[in-house]
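*Asks:* Sharing a structure with you now.
The values are calculated or read from the model by the stated rules, or taken from the named source; none is laboratory data. Quantities reported herein were computed from a predicted structural model and do not represent experimental measurements. Here the Cβ is made from the backbone with ideal geometry for all residues, glycine too, and neighbour counts use every protein chain on show. Accessible surface is based on the protein model in full, side chains and every heavy atom, while ligands, DNA and RNA are left aside. Shrake-Rupley method; radii C 1.70, N 1.55, O 1.52, S 1.80 Å.
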Amino acid sequence: MLVGFAPNIDDIEQFDAGFFRISPVEAEWLDPQQRMMLETSWQALEDAGIDPDSLKGSRTGVYTGISNDEYRMLVVESGKPADAASCLYALSGTNLNGTSGRVAFVLGLMGPSKAVDAACASSLVAVHDAVTDLQEGRADMTIVGGV
């Protein structure tokens with residue numbers, strides 16, 4: 001089943017961090033790409049008739065086509081966060097490879113988790129890798145997205 005979405009970028013500030021069990025200080029430094037991947041993955045599962053909570057512990061893989069890190073550059077240019085927690089969250093919240101891992105963590109998934117940076121082909125390569133892992137038995141189901 002293929003389910004596609006185009007989240008509304010204008011509403012990215014409406015991200016419900018508490019719903020995803022993300023603290024306010026962490027959410028402050030969270031790249032909008034990670035926010036979109038979380039929201040869209042959850043919505044795609046629900047629209048496919050899959051209860052996201054039912055996937056906990058499953059061999060479901062998460063593959064994200066992602067290559068831009070403009071938000072990280074904004075964080076770096078804005079000056080270093082003042083306290084230790086903010087420094088940590090600024091790093092994890094803007095790390096490209098954290099996007100797939102964050103979705104997997106929030107959903108409690110045990111399959112592969114992979115961020116793919118292949119410039120303009122990032123999403124296509126992420127789909128290819130997900131299909132390959134399904135065919136080779138490394139995952140029973142996959143969530144694939146591009147941001």
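*Asks:* Only one of (1) of a type in the set (A, V, I, L, M); (2) more than 23 Å from Arg21 (Cα to Cα); (3) modelled with pLDDT under 95 fails for Leu88. Which number is that?
*Replies:* Single failed check for Leu88: (2).
*Asks:* Please go through region 1-25 and give me each residue that is at pLDDT below 85, open to solvent by 30 Å² or more (accessible area, probe 1.4 Å) and farther than 21 Å from Leu124 by Cα, ordered by number.
*Replies:* Asn8, Ile9, Asp10, Asp11, Glu13, Gln14, Ser23, Pro24, Val25
*Asks:* Take Ala82 and decide whether it is surrounded by fewer than 17 Cβ atoms within 10 Å (Cβ to Cβ), modelled with pLDDT under 95, more than 18 Å from the chain's Cα centre (by Cα) and among the hydrophobic types (A, V, I, L, M, F, W, C).
*Replies:* Answer is yes for this residue.
*Asks:* Across region 135-147, which residue is farthest from Met110 (Cα to Cα) among those that are open to solvent by less than 70 Å² (accessible area, probe 1.4 Å) and touching a residue at least 60 places away in the same chain (Cβ under 8 Å)?
*Replies:* Val147
*Asks:* I need the full set of residues from region 52-71 which are modelled with pLDDT of 95 or more and among the small types (Gly, Ala, Ser), in order please.
*Replies:* Listed by number, the residues that qualify are Ser54, Gly57, Ser58, Gly61.
*Asks:* Which members of region 109-128 meet the condition of being in contact with a strand residue (DSSP E or B) (Cβ under 7 Å, 6 or more places away or on another chain) and open to solvent by less than 80 Å² (accessible area, probe 1.4 Å)?
*Replies:* Scanning region 109-128 gives Leu109, Gly111, Pro112, Ser113, Ala115, Val116, Ser122, Ser123, Val125, Ala126, Val127.
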